[in-house]
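Have a look at the structure below before the remarks.
No lab work stands behind these numbers, since they all come straight from the coordinates. From a predicted model like this one, the values you see are computed outputs, not experimental measurements. With ideal geometry, Cβ positions are generated from the backbone for all residues, glycine too; neighbour counts draw on all protein chains shown.
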């Protein structure tokens, strides 16, 4: 039985018309310990069937640890969205990740991210882009969500925009209830909760859905670097 209705399939096809470059959805599962891996795989397959520009690549995290390590995947189900190689150009892994089943409101996040990765560009503000260009340290952004949270997708999308805009940013959408130990570790009691981590620095936390400038301020605090714009 299809998880995506015929009406929704038609709308998704129209959305995917905006894709430019082909995209590979890399799915990591664990056949022995993963409650939602089968359902996540079905969602990914049904989405990929709606555009010739989307392919799916499957890996078992336990059986293929070297591949999991290459993508930085340490839990399942996991999805990495990668821009495929085109015209001799190398594939581009922007660091866009989903952990947990992308259902409910997060299903839309998955669709929009596929289009964004295909284009390889974002609508972040010039100020944010300029600051990201000065980054010298890797940044890890985790957005904890639940499928029933209507405010979560905007934060996931914003985090993934940061990853697309900078090779030093890796951004994860994490389904909080599927990874309770991780959620407890980062003090997740409500969603969305965004955690910004920089090696050697103090984690920064953002509660709720906020504007881009608030996220930029938290990034700057985590890194300890603010962009000073020259005055005219």
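Tabulated values for the structure
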| item | result |
| --- | --- |
| In degrees, nearest ten, helix 6-16 long axis to first principal axis of the chain (Cα) | 50 |
| Calculated FRET value between residue 49 and residue 212, using beta carbons and R₀ = 35 Å, to 0.05 | 0.55 |
| Gyration tensor (Cα) of the range 122-223, equivalent ellipsoid semi-axes in angstrom | 22, 15, 11 |
| Using alpha-carbon coordinates, inclination of helix 212-223 to the longest axis of the chain, degrees | 70 |
| Rounded Å value of the spacing that divides the Cα centres of the range 1-49 and the range 152-213 | 23 |
| Spin-label model distance (nm) - residue 33 vs residue 199, 7 Å beyond Cα toward Cβ | 2.6 |
| R0 of 25 Å, Cβ-Cβ distance residue 17-residue 57: FRET efficiency to nearest 0.05 | 0.60 |
| The range 1-89 - Rg over Rh from alpha carbon coordinates, Kirkwood radius | 1.01 |
| P(r) histogram, all alpha-carbon pairs of the chain included - 5 Å bins from 0, percent | 1, 7, 14, 18, 20, 17, 12, 6, 2, 1, 0, 0, 0 |
| Cα-based helix-to-principal-axis angle, 152-165 vs the chain, degrees rounded to 10 | 70 |
| Simple label model, 7 Å out from Cα along Cβ direction - residue 4 to residue 66, nm | 3.3 |
